[in-house]
Amino acid sequence: MNDNKRTRFPNRAEWLVTAPSFLWLALFFAVPAVIVLAFTFHGHDASGGVGEWSLSTWRELVDPDYPAIVWNTLRISFEVTLWSIVLAVPCAYAIARMSPKWRSIVAGSIMLPFWTSFVVRVFAWKTMLHPDGWLQACYLVFLRVREWLFGWLPAFLQKALVLLGVASSGPVDPATSTILDSEAAVVLVSVYTFLPFAIMPIYTAAEKFDFSLLEAARDLGAKNFYAFRKIFIPGIRQGLVSAVLMVFIPAIGSYVIPQMLGGTDCVLIGNKIFMRAIQNRNIPHASALATLMAVSVLIPIGLSMWWKKRQDSRDRRRLEEQTARLMTSSMEGGVQ
Amino acid sequence: MKRSMFSVFVLSAVLAFLYVPIILVVAYGFVPNGIAMTFFASDGSFLGFTGKWYGYIFGGHHAVRALLESFWLSLIVAGISTLVSCVLGTTSALALHKWRGRLQSIHHALVYTPLIMPDILIGISLLMLFVACGVECGFWTILIAHVTFCVSYVTMTVLARLADFDDRITEAAYDLGAGPWYAFFHVQLPILLPGIVAGGLLAFTLSIDDVVITSFVNGAGTNTFPTYVSSMTKHSRNLPSVFALSTLMLIFTCVLVGLSKLITGRTQSKRK
């Protein structure tokens, strides 16, 4: 068995066992990806087909629409990730501190909503966010508070805040400021959808965390929050990284939620891809947008891999140093 | 211990946040006014609950025929793609577990990348493939797409099970004169079965719930349950029937999970 693992050239058995999934995924995952990339270097013709080889598609991407949409997508995904993590950390902490029996009950009940169809849950939200509902009233209060908070700032600062999505661009008008068909609805329901995917990895990391470390820190005089920040957060960082990826990546690719709840106010890359691919049949543009999306997903993944590698090498170096110190001290002991 | 109280408070709020829509899904199944989705008449009086949407579903009423058809299509697609992806995923996991050559590192990349890519990219790239080959989108393209995104999940689940697998057991089977096929079907497969079943369940749930990929490759007129629901505008008169059907599905899943818990619990206590 072990010799097999070191064989450099695949033998017949290996080909036979690998072939089904390999060929399937090569044909239906790798080849399509190449086709998408190839289509971006084509123009489009009027009948919705793919035209000659050209760079016109990439040139057309400077269309003022597209950079704004990419920026919006990144900003909203970031916002959704931030809210999910902020809510997930205390939840994971609370679950990890429970007795094992309660842990499995609560962890299970966090995943239970997923037994209802995703589309149906979004539909339920759509009905809840109806302009006559009580959530709309809450939203108006929220907008008023925000207006009051930022209204006194100079105009250029307000503009910057609008660009960041923190402030609204105009005065609050109850007739037009509906929570349905707004960015707020998209963020709210995205957090609702992705939150369990943030809680689970953090909880898995927190479960392994040794909570007596926190008590030790407190005994040494650390304040509660200081101990939490300096001991607990670094202790669960692996879970935090996977939680960020679990939320950020699907948020970038999100298309159903903005389509059903965002109205015309909130169009993300996903919606634009769907529009270009299905509705107005501009295949090269859809391909180019998909390529942009793939790049914006690969960057955080690459970063996290690089970070993990660095952490690993740092841990290894620390271990080596400790070992060296231990060895030298024992040798010194031997000399004495 | 102040922080602990705070985190418990956040946890309760989050649980409420997660459950309110589910409770409403159940409630909306009994709404009498299917257009405005409300329990109240225009003068504010309470109209009460109605069971007529459940009647429509069980009676196969013509108003919900398209919905029920899309639901059956979803079940068929999920069933077939689960079976196919279980076979592909199991062979894939076996190959990845047993060999460590260059072929397997490419294989691993092929299996792993679909897991970290947003669904929509799988959808659009498959659509591009079908466009490039001139294939008409319909039932078969949906099936291909579902198998494609399910395989990786099954592989990962089976691979996790294989990590705990003691390779010496198969070696013992070989030593006792079993051929590779016999050893696989009589020794390895029974041990791996729980992992394959878990992967299959995951594939089934993902397939029956998928809307993003399906909406790219379904073509005109072929709708699974999720794409049909998302295509229903807010002016649909039969929206409560969607919620009623979802409630039935929820009850069904709960019963199923409860039963499986009961059975595993019983076998575990038997073993003790």
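Matching residues to (1) polar (S, T, N, Q); (2) in contact with a Lys or Arg (Cβ under 9 Å, 6 or more places away or on another chain); (3) free of Cβ contacts under 8 Å to residues at least 12 places away in the same chain:
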residue	(1), (2), (3)
B:Ile124	no, no, no
B:Met128	no, no, yes
B:Gly138	no, no, no
B:His146	no, no, no
B:Ser152	yes, no, no
B:Leu159	no, no, no
B:Ala172	no, no, yes
B:Gly177	no, no, yes
B:Gly195	no, yes, no
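Inspect segment B:117-127 for any residue being assigned to a loop (DSSP other than H, G, I, E, B) and within 7 Å of chain A (Cβ to nearest Cβ) and give the result as yes or no. Steps first, answer last, please.
We begin by selecting, within segment B:117-127, every residue assigned to a loop (DSSP other than H, G, I, E, B); these are B:117-118.
Next cut, within 7 Å of chain A (Cβ to nearest Cβ) only: B:117-118.
Yes, the conditions are met somewhere in segment B:117-127.
Which condition from (1) surrounded by 13 or more Cβ atoms within 10 Å (Cβ to Cβ); (2) not in a helix (DSSP H, G or I) is the one that B:Gly177 breaks?
(1)
Look at segment A:106-115 and say how many of its residues are exposed (fewer than 15 other Cβ atoms within 10 Å of the Cβ) and under 18 Å from A:Ala205 (Cα atoms).
Counting residues in segment A:106-115 that are exposed (fewer than 15 other Cβ atoms within 10 Å of the Cβ) and under 18 Å from A:Ala205 (Cα atoms) gives 2.
Yes/no matrix, rows are residues, columns are (1) over 27 Å from B:Pro114 (Cα atoms); (2) free of Cβ contacts under 8 Å to residues at least 60 places away in the same chain; (3) in contact with a Pro (Cβ under 8 Å, 6 or more places away or on another chain):
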| position | (1), (2), (3) |
| --- | --- |
| B:Trp181 | yes, yes, no |
| B:His186 | yes, yes, no |
| B:Val211 | no, yes, yes |
| B:Thr214 | no, no, yes |
| B:Arg237 | yes, no, no |
| B:Thr264 | yes, yes, no |
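For segment B:1-101, give me every one of the helices (runs of 4 or more DSSP H) that falls completely inside it and has 3 or more residues that are more than 30 Å from A:Trp83 (Cα to Cα).
Per the criteria, B:52-59, B:65-98.
Of the residues A:Leu61, A:Leu55, which single one is loosely packed, with under 15 Cβ neighbours inside 10 Å and at pLDDT below 90? Walk me through how you get there before you give the answer.
Working: A:Leu61 fails: loosely packed, with under 15 Cβ neighbours inside 10 Å.
Step by step, each of A:Leu61, A:Leu55 is checked, and only A:Leu55 is loosely packed, with under 15 Cβ neighbours inside 10 Å and at pLDDT below 90.
Please work out which one of (1) modelled with pLDDT of 85 or more; (2) closer than 16 Å to A:Asp265 by Cβ; (3) within 14 Å of chain B (Cβ to nearest Cβ) is the condition A:Val122 fails and give its number.
(2)
Find all pairs meeting these conditions: Cβ atoms under 6 angstrom apart; at least six residues apart or on different chains; first residue within segment A:3-19 and assigned to a helix (DSSP H, G or I); second residue surrounded by 13 or more Cβ atoms within 10 Å (Cβ to Cβ) and at pLDDT 85 or above.
Once the first residue is assigned to a helix (DSSP H, G or I) and sits in segment A:3-19, its partners that are surrounded by 13 or more Cβ atoms within 10 Å (Cβ to Cβ) and at pLDDT 85 or above give A:Lys5/B:Arg100; A:Glu14/B:Trp99; A:Val17/B:Thr91; A:Val17/B:Leu94; A:Val17/B:Ala95; A:Thr18/B:Ala95; A:Thr18/B:His107.
Let me spell it out: the conditions are (1) in a helix (DSSP H, G or I); (2) within 13 Å of chain A (Cβ to nearest Cβ), and B:Gly195 meets all of them except one. Which number is the exception?
That leaves (2) as the condition not met.
Anything in segment A:265-318 that is under 18 Å from the mean Cα position of the chain (by Cα) and among the β-branched types (Val, Ile, Thr)? List them, or say none.
Passing the criteria: A:Val267, A:Ile269, A:Thr291, A:Val295, A:Val297, A:Ile299, A:Ile301.
Each row is one residue, and each column tells you yes or no for (1) modelled with pLDDT of 85 or more; (2) within 30 Å of A:Gly51 (Cβ to Cβ); (3) more than 10 Å from chain B (Cβ to nearest Cβ).
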position	(1), (2), (3)
A:Phe232	yes, no, no
A:Gly262	no, no, yes
A:Ile269	yes, yes, no
A:Ala288	yes, yes, yes
A:Met293	yes, yes, no
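Given the residues A:Leu143, A:Leu153, A:Leu149, A:Leu157, which is the only one that is more than 10 Å from every other protein chain (Cβ to nearest Cβ), among the hydrophobic types (A, V, I, L, M, F, W, C) and part of a loop (DSSP other than H, G, I, E, B)?
Residue meeting the stated conditions: A:Leu153.
The values are calculated or read from the model by the stated rules, or taken from the named source; none is laboratory data. If you're wondering where the values come from, they're calculated on a predicted model, not measured in any experiment. Here the Cβ is made from the backbone with ideal geometry for all residues, glycine too, and neighbour counts use every protein chain on show.
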